[in-house]
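Everything on this sheet refers to the single structure shown next.
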Amino acid sequence: MHGSLTVADALRAATERLRDASPTPRLDAEVLLAHVIGRERSWLLAHPEADVDGTAFEALIERRAIGEPVAYIRGFKEWHSLRIRTDPRALIPRPETELLADAAIAEIHDRLTSGPVVAWEVATGSGAVAIAIARQFTDAAASPELIATDISADALALAAENLAAHGVAGVVTLERADLLEPAGDTLPRPDVVVANLPYVASAEVDERRGSLGFEPRVALDGGPDGLDLLRRFLTELPEKAERGATAFLELGVGQVDTIRALAPAGASVTVVPDLAGLDRVVRLDLPD
Ligand SMILES: C[S@@+](CC[C@H](N)C(=O)[O-])C[C@H]1O[C@@H](n2cnc3c(N)ncnc32)[C@H](O)[C@@H]1O
């Protein structure tokens, strides 16, 4: 693929090279070629005979061929209409997590009509969810007090860069913390909590293949059955949150029933409906 070649030939060769490495070889090839030549994907499709320099493109394709995620190669992910900076310091935000952010935004809106709201994002990673929430309220008459935490200093450093890039650095308090530990102590107790905690079983993380192998273990590993963090979070929640607080949690496939069983006494658990019909986000309401 060295030297000058046409868009069509470059895409054909790259798609072939990625066939074993990616479930979406053609799409990845298009996204990476568009990235390397600084054009939109639509331009590529309209100019199959245009000449491109294959050398820089080939270097990116080789990174993808060993499993590196497209978002790490490009350095960003388009998520919830935001351009989130991504690198190996934190998990790449997933499409299903947009539902988690939207559910929290709707709840915060509702609660703001009757008074002040403290909202926490536990385990913020890249900061994507906290940023999506913050930006919904930047021009609103009322806005929540927003706190985002993570146990990983690396993730918090990336989150800080993302908050600044989206103009909400002064709007979200970033704090290094183990789950909800500082709530009610050094930080105010949450009325609303949103969390996408690690929920993959350790053995599965050990065997991870492809893109997952590039993401930090602390972002994925939920202990022997994947539920260590969720279990601890659910125990802490009634001690650390305000009475009547609402938590939104993203779960792994098939974990909803376990979460119902682990929910604090008196709490109600409802699944947040998802267009794809997958039970990935639950809402948990603590008693008043
Ligand atoms: C699945 S990632 C979610 C990142 C981001 N919120 C998202 O949805 O893209 C889980 C995050 O939990 C953090 N984490 C792991 N253990 C934690 C703990 N005990 N307390 C707080 N955060 C923790 C990891 O550093 C990682 O950033």
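Numbers at a glance
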quantity: Over region 98-257, equivalent-ellipsoid semi-axes from the Cα gyration tensor in Å; calculated: 26, 18, 14
quantity: Contact order relative to length of the chain, as percent, for alpha carbon pairs under 8 angstrom and 6 or more apart; calculated: 15 percent
quantity: Summed side-chain charge close to Thr149 - residues other than Thr149 whose Cβ falls under 12 Å, Lys, Arg +1, Asp, Glu -1; calculated: -3
quantity: Extension gain, Arg176 back to Arg83 (0.36 nm per residue minus Cα-Cα distance, nm); calculated: 31.1 nm
quantity: Using alpha carbons only: equivalent-ellipsoid semi-axes of the chain, gyration tensor based, whole Å; calculated: 39, 21, 16
quantity: Whole-Å distance, taken between Cα centres, linking region 111-139 and region 178-245; calculated: 18 Å
quantity: Sites Thr258 and Glu49, calculated FRET efficiency, Cβ-Cβ separation with R0 41 Å, nearest 0.05; calculated: 0.15
quantity: The chain: calculated mean residue ellipticity at 222 nm from DSSP helix runs of at least 4, using -39500 (n - 2.57); calculated: -11500 deg cm²/dmol
quantity: Kyte-Doolittle mean at least -1.0, axial Cα span of 15 Å or more - DSSP H helices of the chain; calculated: 7-18, 25-37, 54-65, 97-112, 153-165, 228-240
quantity: Cβ charges +1 (Lys, Arg) and -1 (Asp, Glu), total dipole of region 92-285, debye; calculated: 140 debye
quantity: Dipole-positive endmost among Leu44, Thr55, Val70 within region 1-98 (Cβ charges, Cα centre); calculated: Val70
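Read-outs: derived from the displayed coordinates by stated rules, not from any lab. Remember, it's a predicted structure, so these values are computed and weren't measured experimentally. Positions of Cβ are generated from backbone atoms using ideal geometry, with glycine treated the same way; all protein chains shown enter the neighbour counts.
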